[in-house]
Amino acid sequence: MRVRIEVDSIIESYVKVSLEQLKDLELSNDTSINQLLKQLTIPTDEIGMIIRNNRAIFDYDMILESGDEITIFSEINGG
């Protein structure tokens, strides 16, 4: 299946594939959010929010579907 992934600049520093590849990423059927994060080498403790098809998700065991659009944001820190 194919999904589209967008990441912010902090999360981008962990990803081992190009941003161009993320725009049309091929994944195995039944890939969960957790598996996607592991495949992209994104540590879960760096994630602030994940959006799937314009909705925030909190269940990282959720199975992705072909055509999903995923945006991954880092945790926001300030001070």
> Are there any pairs with C-beta distances below 6 angstrom linking a residue in region 45-56 that is assigned to a strand (DSSP E or B) to a residue that is of a type outside the set (A, V, I, L, M) and loosely packed, with under 14 Cβ neighbours inside 10 Å, with the two at least 6 apart or on different chains, and if so which?
Replying inline: 48/75
> Within region 13-44, can you find the residues that are of a type in the set (Asp, Glu) and in a loop (DSSP other than H, G, I, E, B)?
Replying inline: 24, 30
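State yes or no: is residue 5 at pLDDT below 95 and either outside any strand (DSSP E or B) or surrounded by 17 or more Cβ atoms within 10 Å (Cβ to Cβ) (or both)?
Values: at pLDDT below 95: no; either outside any strand (DSSP E or B) or surrounded by 17 or more Cβ atoms within 10 Å (Cβ to Cβ) (or both): yes.
Answer is no for this residue.
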>> Looking only at region 54-74, how many residues end up being surrounded by 12 or more Cβ atoms within 10 Å (Cβ to Cβ) and within 17 Å of residue 22 (Cα to Cα)?
In response: 9
>> Looking for something at positive phi, touching a Lys or Arg at 6+ places or on another chain (Cβ under 9 Å) and surrounded by fewer than 11 Cβ atoms within 10 Å (Cβ to Cβ) - is there at least one such residue anywhere in region 34-45?
In response: yes
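The values are calculated or read from the model by the stated rules, or taken from the named source; none is laboratory data. Bear in mind the structure is a predicted one, so any value in this text is a computation, not a measurement. Counting neighbours? That spans all protein chains shown, and the Cβs are built from the backbone with ideal geometry, glycine included.
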